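Nothing in this text is a laboratory measurement; each read-out follows from the coordinates by a stated rule. Values in this document were obtained by computation on a predicted structure and should not be read as measured data. Positions of Cβ are generated from backbone atoms using ideal geometry, with glycine treated the same way; all protein chains shown enter the neighbour counts.
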Amino acid sequence: MADLRSNFIGIKSPNPFWLASAPPTDKEVNVRRAFQAGWGGVVWKTLGSEGPPVVNVNGPRYGVVYGADRRVLGINNIELITDRPLEVNLREIKSVKRDYPDRALVISLMVPCDEESWKAILKQVEDTGADGVELNFGCPHGMAERGMGSAVGQVPEYIEMVTRWVKQHSRMPCIVKLTPNITDVRKPAEAAKRGGADAVSLINTVNSITSVDLDLFSPQPTIDGKGSHGGYCGPAVKPIALNMVAEIARNPATHGLPISGIGGITTWRDAAEFMALGAGNVQVCTAAMTYGFKVVQEIISGLRDYLDDKDIAMSELIGRAVPNVTDWQYLNLNYTTKAVINQDACIKCGRCYATCEDTSHQAIEMGPGRVFSVKEEECVACNLCLDVCPVENCISMRELAIGEVDARTGRAVKPYGNWTTHPNNPMSQTAE
Amino acid sequence: MTNSQLTPGVVPGRLPAESYAANFSDVAPPLDRHEARVAADRCYFCHDAPCVTACPTSIDIPLFIRQISTGTPDAAAKTIFHQNILGGICARVCPTENLCEGSCVRMEAEGKPVEIGALQRYATDHLMAQDGHPFRRGTATGKRVAVVGAGPAGLSAAHRLAAKGHEVTLFDARPKAGGLNEYGIASYKAVDGFAAREVDWLMGIGGITLASGKALGRDITLGSLTADFDAVFLGLGLQGVSALGTDGENRAHVAHAVDFIRELRQSGDLSTLPVGRDVVVIGGGMTAVDAAVQAKLLGAQNVTIVYRRGQNRMSASQHEQDHATHSGVRIICNAAPLKVHGNGTVREVEFMLTREGPSGLEDTGERFRLPADQLLRAIGQKLDGVPTGLAMSGGKIAIHGSGRTSISGIWAGGDCAAGGDDLTVTAVAEGRDAAEDIHAQLMEAAHG
């Protein structure tokens, strides 16, 4: 059976599944329940400086985007960092760590952008016995207005400066949590690395308005008739997160920098995808907020089964897909596929026909008896038909062999050739 | 006098008083908002959807389900009513397993269709629970149309004609409008006076005058109608009932199932309705099932449906048959009645076992008897009292095009017209289409 034990920048945990710094990790009672359910680690909800704690709104904190059957696809929140006194949190962290020495316990931090503030809190965290710190440079609401959170994360120079302070004043492993609310995520990652970060974690939440109340004409969640943007997370942000993880993983300047993957991880499959793109471990929040802590059990069994089926170790999964992430210009433009509809599996809903006819290339024919078939002479292999088909594996893409004639172009399929050498490219490096 | 299920003969009050309300409650309780949302989620919004093709009134089912799923059930109801103004009763009585739901692609996928009928009921109930009527009449045309028969075909025709701005007089032989919806279907399919409420709601469009208690051939004639009106639509239904042609059929407590159902539907107190201990129903259609199940629900101890052909030939849908057997009704197939035994009153019915032969049903020579103190005939209705002059086809009024009869200015639709399948929803479609044709012809004449 596959070994899921994880050693992430020296922090050991029985599995690579941590709860992200968020509402589920704000209190001892929650964290204990998480560990009992089987989570390998927890990033404690962000602590702030000593003094009067932050205050939260007393109205709704969350907005939700639903899929079919009210399945939660995304949650937006306007909650701030912990609103409990620092000493209470520190005491509880110490107590939990004492009882769960085998689990990873990392403390998320966000204090004002001056060296003394960071120095002070690092000392207090070290005293709890926690395994490491995560610098919250990502929170996009509330704290950013006060010059913290994503206000730091959006300025690479600040990231580098604060990271350097942290590494200077603490021996603890340091993870820098990045905001996606930026144009090029490689820049803050590079800054974190320059500052001496042991790892980056990403993504934090995405600036968002989830919905508008059409009676009140106010964004939701609505607080006394007004709403402000919140941070969006959950399955809906996973594609954004995967791309950012991959960008950092394949960037020569940050290649090899450990990554803790975050963003909509709900099932073992999501976790495996993040790991394949270079995440050494993953952090989860929305899935737990939607279904409770027990979801980790499926994530554990699923990844284990997958690794066993593939007969690979977890370390072999991590980063395995990174070499296959490339730029568009290197994609094989001669690679040709055609959609094929399995008539035995087809339930004759006609969605492939509607979408191809209305919005694509008119490459599906509707015959008598609602028999849908692909017109290869029109099919550009966009695969939208496959995407909208309600039956998994009913439509597949058939790969044309080299030399086979593409009915659409009338030309034989050629071996690998990309845009850099394509005759239509004015910058083409090879002359015809 | 207290009767029980065991009391011999045809007697009332076989059940405790409180059982009647429970037994005759809604057979398919409505979906609540949550259930409707969940059910609507299952629709794939198919292209050129097979369910629409399968619906005799061509309701845009994917669209109305999408409207439910986006929280606009009233828009969904208008989508339904635009095609089928009796979408409320059709949601309750349509054999959906043979129509929309039977063709749902989810049948192919999982063998479990989208609950189209229940969703249609959800939407139509939602809109009908509000004040007012969803459609407005067009400009008055000054044309007058007579609609004879206030059943599904006639109501549908009358509504569409009124919507077009014509003045409609709706004649019916019975005291109440609604036809089979009011008098001919099992009461648990349309509880709380739904049929009557639906008629009232439909009439809310205005421009329809109901003339009840007026029978064609008795109180009105085709001649007077054609003289007094610009067009006539006949939605007469099938008033005649078929006899068994069996020895002893005239004994007491041998009755027509349609009469049994009608009395039950119009009864103010079901505990006063007499029902046999051993009830035998002859037939294989919806009427047989409706009569048999209701006899059971009234407290009959043994109820048996006997059908002369094989089960696959029964016109009652599988869903209806299952409903009967789940209600405790026994179904015997391949048995035809030979003789009704008894001494003044029916006591036993003798049957022969049959089989399908090359030239039709054959007698296997085997015989059996069923005890019966009540025998109900449900072997089909036929058209009676058609005015002379109308061309007929297969015992029904011959029509061509959208319900045009052999006489210019007279249209027909529903069960009385040839070619239909004796379904409420088909009658609605025929009434609607005839109304459109009448409108087109009247307007052409007006502008011509």
Qualifying trypsin sites (Lys or Arg not before Pro) for region A:242-300 [loop in DSSP, other Cβ within 10 Å: at most 15]: A:LYS294
Number of partner chain Cβ atoms within 10 Å, mean per residue of B:46-53: 5
Spin-label proximity, B:GLU436 to region B:21-48 - amide N less than 20 Å from point 7 Å beyond Cα toward beta carbon: B:48
Relative contact order of region A:131-174, pairs being alpha-carbon contacts under 8 Å that are 6 or more residues apart, as %: 42
Per-pair calculated FRET efficiency, R0 = 22 Å: A:MET427 and A:SER396 via Cβ, rounded to 0.05: 0.05
Debye equation applied to the C-alpha atoms of region B:33-128, log10 I(q)/I(0) at 0.15, 0.20 Å⁻¹: -0.47, -0.87
Inter-label distance for A:THR183 and B:ASP200, nm, one decimal - labels placed 7 Å from Cα along Cα-to-Cβ: 6.9
Reachable lysines, given that their alpha-carbon falls under 20 Å from the alpha-carbon of A:LYS414 and they are not under 8 places away in the same chain: A:LYS338
Largest-first principal axis extents, alpha carbons of chain B, Å: 68, 54, 53
Protection proxy ranking, peptides A:103-110, B:183-190, A:59-66, average beta carbon neighbours within 10 Å, highest first: A:103-110, B:183-190, A:59-66
Spherically averaged projected area of region A:328-421 from its Cα convex hull (nm²): 6.6
Cα-based reach from B:LYS164 at 12 Å (exclusive), listing aspartates and glutamates while leaving out same-chain residues under 8 positions away: B:GLU436, B:ASP437
Cβ-Cβ FRET estimate between B:THR70 and B:LYS382, R0 fixed at 51 Å, reported to 0.05: 0.60
Region B:242-377: C-alpha gyration tensor shape, a/c 1.5 cut-off, then a/b vs b/c: oblate
Region A:138-178 versus region B:314-347: alpha-carbon centroid distance in Å: 82
For q = 0.07, 0.11, 0.12, 0.16 Å⁻¹, Debye-computed log10 I/I(0) when each Cα of region A:6-324 counts as one equal scatterer: -0.24, -0.62, -0.75, -1.40
Residues B:ASP74, A:ASP127, sorted so that the one with the fewest Cβ neighbours within 10 Å comes first: A:ASP127, B:ASP74
Euclidean distance of C-alpha centroids, region A:282-347 and region A:201-268, integer Å: 20
Isolated Cys residues of chain A, judged by Cβ distance under 4.7 Å to other cysteines: A:CYS113, A:CYS139, A:CYS174, A:CYS233, A:CYS285, A:CYS346, A:CYS356, A:CYS379, A:CYS382, A:CYS389, A:CYS394
Under 15 Å, Cα to Cα: Lys pairs in region A:1-151, sequence gap 8 or more or different chains: 7
Equivalent ellipsoid semi-axes, region A:1-149, via Cα gyration tensor eigenvalues times 5, rooted, Å: 24, 23, 14
Value of Rg to Rh for region A:241-286 (Rh from inverse mean 1/r over Cα pairs, i.e. Kirkwood): 0.96
Distance between region B:1-72 and region B:367-422 - C-alpha centres, whole angstrom: 28
Region A:143-157 - phi-based ³J(HN,Hα) in whole Hz, Karplus 6.51/-1.76/1.60, Gly and Pro as x: 5, 5, 5, 9, x, 10, x, 5, 5, 7, x, 8, 10, x, 4
Quotient of Cα Rg and 2.2 N^0.38 Å for region B:121-228, N being how many residues it contains: 1.11
Sorted peptide list for B:400-412, A:333-345, B:157-169, criterion being average Cβ within 10 angstrom, highest first: B:157-169, B:400-412, A:333-345
Peptide A:19-30 - average C-beta neighbours from other chains (10 Å radius): 0
Length-normalised contact order of chain A in % [C-alpha pairs under 8 Å, at least 6 apart]: 13
Cα convex hull of the protein assembly as shown - mean projected area over all directions, nm²: 52.4
Shielding by partners, peptide A:362-373 (average Cβ within 10 angstrom, other chains): 1
Greater than 30 Å apart at Cα, pairs in A:LYS226/B:LYS78; B:LYS214/B:LYS339; A:LYS187/A:LYS310; B:LYS112/B:LYS176; B:LYS143/B:LYS176: A:LYS226/B:LYS78; B:LYS214/B:LYS339; A:LYS187/A:LYS310; B:LYS112/B:LYS176
Integer Hz, Karplus 6.51/-1.76/1.60 couplings in order for region B:27-37, x for Gly and Pro: 5, 10, x, x, 6, 8, 4, 5, 4, 5, 4
For region A:262-322: Kirkwood Rh in Å [reciprocal of mean 1/r, alpha carbons]: 11.6
Burial order of peptide ranges B:253-265, B:378-390 (average beta-carbon count within 10 Å, highest first): B:253-265, B:378-390
Estimated FRET transfer efficiency (B:ASP228, B:HIS82; beta-carbon r; R0 45 Å; 0.05): 0.90
MRE, 222 nm, helices only [DSSP H, n ≥ 4, -39500 (n - 2.57), over chain B, to nearest 500]: -10000 deg cm²/dmol
Contact order relative to length of region A:328-421, as percent, for alpha carbon pairs under 8 angstrom and 6 or more apart: 41
Sum of -39500 (n - 2.57) over DSSP H runs of 4+, divided by residues of chain A (222 nm, nearest 500): -8500 deg cm²/dmol
